[in-house]
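Colleague: One structure follows; several queries about it will come next.
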Amino acid sequence: MRGPKPSTIVLTDPERPQLNLLVRRHTTPQQLVLRARIVLAAADGANNSQLARQLVVSRDTVRRWRERWLALQAASLDDLPLIERLTDAPRPGAPRRITAEQECQIIALACEPPPDAHRPISQWTGRAIASEIKQRGIVDTISDRHAARLLKRGT
């Protein structure tokens, strides 16, 4: 059974060369390359099913990026650059409470032997590192489990 025909994408003169440049540039993240390819092929008249088969992605992915491009195309390239149109939308959830700088301080603390911090243990535990983090004032509050997770991720 055939569904509705997808909306047509019409690229402006500056958009098409910029999208082609993104696709060809070696330093472009592959997520952006895929999204640029979706937009370029959609502008050439391919439907969602054809694009999904050609680019080996789901039809939902093609539909999402076609719709997103059409929604953001009204903004000029000066207001909303091409790369920002192709990047992920902000994800829901609470913002980070521990900054990257604080995380670096925590990892540096974990690299110190516990006896240097006047701890009578040979290895850091979640409870001991959390206590030391709070004592040094790196963060106000941190659970033992979160401190242990940061240590595990930092190694």
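The values are calculated or read from the model by the stated rules, or taken from the named source; none is laboratory data. Just so it is clear, the model here is predicted, and its values are computed rather than measured. Heads up, the Cβs are rebuilt from the backbone with ideal geometry, glycines too, and the neighbour counts pull from every protein chain shown. Areas reflect the complete protein model, heavy atoms only, side chains present, ligands, DNA and RNA absent. Shrake-Rupley method; radii C 1.70, N 1.55, O 1.52, S 1.80 Å.
Colleague: Counting alpha carbon pairs within less than 8 Å and at least 6 residues apart, what relative contact order, in whole percent, applies to the chain?
Modeller: 15
Colleague: Separation between the D13 and R59 pseudo-spin-labels, each 7 Å from Cα along Cα→Cβ, expressed in nm?
Modeller: Roughly 3.8 nm, to one decimal.
Colleague: Test of understanding: in a Gaussian network model of the chain with alpha carbons linked when under 10 Å, which of P92, P115, P81 would top the mean-square fluctuation ranking?
Modeller: Comparing P92, P115, P81 in the GNM, the peak value goes to P115.
Colleague: If each of A75 and R136 carries a label point 7 Å out from its Cα toward its Cβ, how far apart are those two points in nm?
Modeller: Label at A75, label at R136, 4.0 nm between them.
Colleague: Using only the Cα atoms of the stretch 69-155, build the gyration tensor, take square roots of its eigenvalues as a ≥ b ≥ c, and label the shape rounded, prolate or oblate: rounded if a/c is under 1.5, else prolate if a/b is larger than b/c, else oblate.
Modeller: prolate
Colleague: Could you tell me what percent of the accessible area of the stretch 1-151 is made up of carbon and sulfur, with a 1.4 Å probe and every protein chain present?
Modeller: Here carbon and sulfur together make up 52 percent of the probe-accessible area.
Colleague: If you take every residue apart from L32 with its C-beta less than 11 Å away from the C-beta of L32, what net charge results, scoring Lys and Arg +1 and Asp and Glu -1?
Modeller: +2
Colleague: A further question follows. Rounded, prolate or oblate: which fits the stretch 1-42 when a ≥ b ≥ c are the square roots of the eigenvalues of the alpha-carbon gyration tensor, with rounded for a/c under 1.5 and prolate only if a/b beats b/c?
Modeller: The shape class here is oblate.
Colleague: Continuing with the same structure: Highest GNM mean-square fluctuation, the chain, Cα pairs closer than 10 Å: which of A36, A128, A89?
Modeller: A128
Colleague: Whole number in Å², please: accessible area per residue of the chain, 1.4 Å probe, ligands, DNA and RNA not counted.
Modeller: Result: 69 Å² of accessible area for each residue.
Colleague: What shape does the stretch 11-66 take by its C-alpha gyration tensor, where a ≥ b ≥ c are the square roots of the eigenvalues and a/c under 1.5 counts as rounded, a/b above b/c as prolate, and the rest as oblate?
Modeller: Here the stretch 11-66 falls in the oblate category.
Colleague: Between T28, T141, T12, which gets the highest mean-square fluctuation from a Gaussian network model of the chain, Cα cutoff 10 Å?
Modeller: Judging by the Gaussian network model, the answer is T141.
Colleague: Let me ask something else about it. Once the Cα atoms of helix 144-154 and of the chain are each reduced to a long axis, what angle between those two axes, in degrees from 0 to 90 to the nearest 10, is obtained?
Modeller: 60
Colleague: Can I get the semi-axes of the stretch 14-144's equivalent ellipsoid? Compute them from the C-alpha gyration tensor as square roots of 5 times the eigenvalues, in angstrom, largest first.
Modeller: Those come to 49, 16, 14 Å.
Colleague: Tally Lys and Arg at +1 and Asp and Glu at -1 over the other residues with C-beta under 12 Å from the C-beta of I129: what net charge comes out?
Modeller: Net charge in that neighbourhood comes out at +4.
Colleague: Sticking with this one: Report the Cα centroid-to-centroid distance between the stretch 88-155 and the stretch 10-43 in angstrom, as an integer.
Modeller: Cα centroid to Cα centroid, the span is 41 Å.
Colleague: Mind checking the angle between helix 59-72 and the chain's longest principal axis? C-alpha axes, 0 to 90 degrees, to the nearest 10.
Modeller: The angle comes out at about 80 degrees.
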